[in-house]
Amino acid sequence: MSALNIRRPSSPLHATVDLPRSKSVSNRALIIASLLGDLSLVSDLSDGDDTRVMYELLRDRPHTMDCGAGGTTFRFLLAWASVQAGEEFVLTGIPRLLQRPHDDLVVALRTLGADIEQVPEGYRVRGRKLKGGHVHFDSPISSQYLSALVLIAPMLVNGLELKWTGTRLSEPFVSMTLKMLDHFGVRPSLTMDGVVVPPGSYTRATYQVPQDWSSAAFWFEQVALDPGATVLLRGLEKGTLQGDREAIHLWAPWVETTETEEGITLKHRPEAEPWPEAPLNMRHVPDLFQPLAFTLAGRGAKAALTGLDNLVVKETDRLQAVGEVLRTLGCTAGHRGGTFIQGGSISNKAPLPFDPNIDHRMALSIAPLALLLEGVIIKDPGVVDKSYPEYWEHLRAAGYMID
C-alpha cells in the first residue's frame, strides 16, 4: 500500500494491546544462540523485519548476507562473522545502511584480530580464531559497537577488556547485553570505565524474549493525548532488561501507570503535571525521543531535550525529521548538536501527507497525532514492519478509522 489515512476513534481509547517482542533482545539472544549452535534456544522472537532477517541469515549462513536496513543486524553480524573460523561472508544492505558509520567497529574488530575488508557491496569478513585483548572507545556514536564486541567476547582467546570513555550514549543497551551474557553462563566484570569479559564459552540455556518497551512508548503517547483513554499493554512487565521502561517516568505528567497480573495499564491523567523547565538528558533512551517530542507538541509544552547526538545517523536524521514535522504543524523546533528545542502548540490541523523516509519510528510516532488532527496520511506505511508489523491492525482494533 502507498499510503494510509488515519482518523481518530469516535470515543476515548479503551484498548488491550499485545505488544511485539523486543527486537533488541531478540537479536542479542540469536547471536548467542548461534554461537552455541542452536537457534531454537530462543523463543517468542520479535516478528519485525530486523529479527526475521537476523534469524534467516544465522540459520542459512549465506555467503552474501543482506541485512536490509537493519543497523543492529549488520553490526552484530560483522562481529559474529569475524569468529566463524574458516568461513567467508560478505555483509551488505540498503545504501542508507552502508552510509551509516561502522568504521569504529571495524577498526576495533581488526584490533582483536579480525580479517575485514571493505568492498563495493559492503564488508568482506574471513572468519578466524581471534586473539581478543584490549579495545578503547571514546564517545562512540553507537552503543551497538560495544554490544557487538561483548557478544563475541567469550569466543576470544584472551577475552575482552573494553574501555569506554567520554559520552556514553544508550548505556542501558550495553547493560542489557551484559545481563544476557550472565543468563548464558558468562560472568563479565565491570570496571571504573568499562567491562572485562573472560575467555571461555557460553552455557546452553533457553531464553524467552520479553515484550517491547520501545513499542509501548507509542501507546504512552496516545494515552497522553487522549482525555479519558485507558490502555492495557498485556504481558508487559516493569522488571525488564530494557532501558526504555523509562517511558513510565517520561510520560508521568500525563499518564498514570499501574502494574497488574495482566500487564501494564495506562490511564490518562485529567490534571496534568507541568513539564520541567530544565533540559532533559535522553542519552540513555534516544529511541523514545520521537514519541516524546510529538507528545510534548500535542500538549503544547516547551522542552529542551539533550543527549541525542547519535540520532542524525539512524535510518534518517531523526532530529531534522522531527523538527520538519513539528514546524509543519505550527510548532517551533530546532536543534544544535545533540540538543533539540521545541515549543508552541499544534495549529495546522490538516497537514500534507507525512513521508517517514524509511524510518519506522517516524511512522509509529506520527500516527497518534490523528487524535489531534483532522487526519494523518502516512506514506510507505509498511516501514513499520521493521519493528512493529501489527501496528496498523492494533490501531484499527483500538477504534481508529484507517483506509
Out of the residues in the range 77-99 that are among the polar types (S, T, N, Q) and in a helix (DSSP H, G or I), state the one that is farthest from Ala153 (Cα to Cα).
Gln99
Does Asn357 fit the bill of being over 17 Å from the mean Cα position of the chain (by Cα) and either in contact (Cβ under 8 Å) with a residue 60 or more places away in the chain or assigned by TED's automatic domain parsing to the domain that holds Leu225 (or both)?
no
Is at least one residue of the range 157-170 under 23 Å from the mean Cα position of the chain (by Cα) and closer than 19 Å to Glu88 by Cα?
no
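Restricting to the range 297-320, what's the tally of residues that are aliphatic (A, V, I, L, M) and closer than 23 Å to Gly71 by Cα? Show your work before the answer.
Taking the range 297-320 and keeping what is aliphatic (A, V, I, L, M), we get 297, 301, 303-305, 308, 311-313, 319.
This time we only want the ones that are closer than 23 Å to Gly71 by Cα, so: 308, 311-313, 319.
Number satisfying all stated conditions: 5.
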Candidate set: the range 1-38, residues that are β-branched (Val, Ile, Thr) and either in contact with a His (Cβ under 6 Å, 6 or more places away or on another chain) or under 29 Å from Leu352 (Cβ atoms) (or both); chosen: the one surrounded by the fewest Cβ atoms within 10 Å (Cβ to Cβ)
Ile6
Failed criterion for Gly343 (all others in (1) within 17 Å of Gln222 (Cβ to Cβ); (2) at pLDDT 95 or above hold)
(1)
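Being in a helix (DSSP H, G or I), small (Gly, Ala, Ser) and touching a Leu at 6+ places or on another chain (Cβ under 8 Å) is the filter here; which residues of the range 37-73 pass it? Give the derivation first.
To start, the set of residues in the range 37-73 that are in a helix (DSSP H, G or I) comprises 39-41, 49-60, 71-73.
Checking the rest, the ones that are also small (Gly, Ala, Ser) come to 40, 71.
Correct list: Gly71 only.
Which of the strands (runs of 3 or more DSSP E) found entirely inside the range 115-199 contain at least 1 residues meeting this: free of Cβ contacts under 8 Å to residues at least 24 places away in the same chain and in the same structural domain as Arg100 (by TED's automatic domain parsing)? Can you show your working first?
Numbers: elements: 115-119, 122-126, 133-138, 160-165, 189-191, 194-197.
Answer list for the range 115-199: 115-119, 189-191.
If the requirement is being crowded, with 23+ Cβ neighbours inside 10 Å and modelled with pLDDT of 95 or more, which of these qualifies: Leu77, Leu41? Step through it out loud before you land on a result.
Values: Leu41 fails: crowded, with 23+ Cβ neighbours inside 10 Å.
Only one candidate passes the filter, namely Leu77.
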From the set of residues in the range 18-36 that are hydroxyl-bearing (Ser, Thr, Tyr) and not in a loop (DSSP other than H, G, I, E, B), which is nearest to Ile152 (Cα to Cα)?
Ser34
Tally the residues that are under 23 Å from Pro389 (Cα atoms) and of a type in the set (Asp, Glu), restricting the search to the range 61-96.
1
Counted residues, the range 333-382 - those being among the aromatic types (Phe, Trp, Tyr) and in a loop (DSSP other than H, G, I, E, B):
0
What residue, of Ile402, Ile377, is in contact with a helix residue (DSSP H, G or I) (Cβ under 9 Å, 6 or more places away or on another chain) and closer than 25 Å to Pro12 by Cα?
Ile402
Taking the range 181-195 as the search range and keeping residues that are at pLDDT below 95 and among the aliphatic types (A, V, I, L, M), which one is farthest from His360 (Cα to Cα)?
Met192
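Scan the range 169-176 and tell me whether some residue there is in contact with a Pro (Cβ under 8 Å, 6 or more places away or on another chain), at pLDDT 95 or above and closer than 19 Å to Ser26 by Cβ.
Narrowing the range 169-176 to residues in contact with a Pro (Cβ under 8 Å, 6 or more places away or on another chain): 169-170.
Filter once more, so that each one left must be at pLDDT 95 or above: none.
Taking every residue of the range 169-176 in turn, none turns out to be in contact with a Pro (Cβ under 8 Å, 6 or more places away or on another chain), at pLDDT 95 or above and closer than 19 Å to Ser26 by Cβ.
Return yes or no: is Thr203 among the β-branched types (Val, Ile, Thr), at pLDDT below 95, outside any helix (DSSP H, G or I) and assigned by TED's automatic domain parsing to the domain that holds Ser82? Steps first, please.
Values: among the β-branched types (Val, Ile, Thr): yes; at pLDDT below 95: no; outside any helix (DSSP H, G or I): yes; assigned by TED's automatic domain parsing to the domain that holds Ser82: yes.
The answer is no for Thr203.
Select, from Leu296, Leu308, the only residue that is touching a His at 6+ places or on another chain (Cβ under 8 Å) and either of a type in the set (Phe, Trp, Tyr) or buried (at least 18 other Cβ atoms within 10 Å of the Cβ) (or both). Explain how you work it out, then say what you get.
On the way: Leu296 fails: touching a His at 6+ places or on another chain (Cβ under 8 Å).
So the residue among Leu296, Leu308 that is touching a His at 6+ places or on another chain (Cβ under 8 Å) and either of a type in the set (Phe, Trp, Tyr) or buried (at least 18 other Cβ atoms within 10 Å of the Cβ) (or both) is Leu308.
Can you confirm whether Gly399 is in contact with a Pro (Cβ under 7 Å, 6 or more places away or on another chain) and closer than 18 Å to Asp226 by Cα?
Working: in contact with a Pro (Cβ under 7 Å, 6 or more places away or on another chain): yes; closer than 18 Å to Asp226 by Cα: yes.
When the stated conditions are applied, Gly399 passes them.
Per-residue answers, yes or no, for (1) touching an Asp or Glu at 6+ places or on another chain (Cβ under 7 Å); (2) surrounded by fewer than 22 Cβ atoms within 10 Å (Cβ to Cβ):
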{"position": "Gly166", "(1), (2)": "yes, yes"}
{"position": "Pro172", "(1), (2)": "no, yes"}
{"position": "Arg187", "(1), (2)": "no, yes"}
{"position": "Val195", "(1), (2)": "no, no"}
{"position": "Thr203", "(1), (2)": "no, yes"}
{"position": "Asp212", "(1), (2)": "no, no"}
{"position": "Ala216", "(1), (2)": "no, no"}
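The values are calculated or read from the model by the stated rules, or taken from the named source; none is laboratory data. The structure presented is a predicted model; accordingly, all values stated were derived computationally and were not measured. Here Cβ is always computed from backbone atoms with ideal geometry, including for glycine, and neighbour counts include all displayed protein chains.
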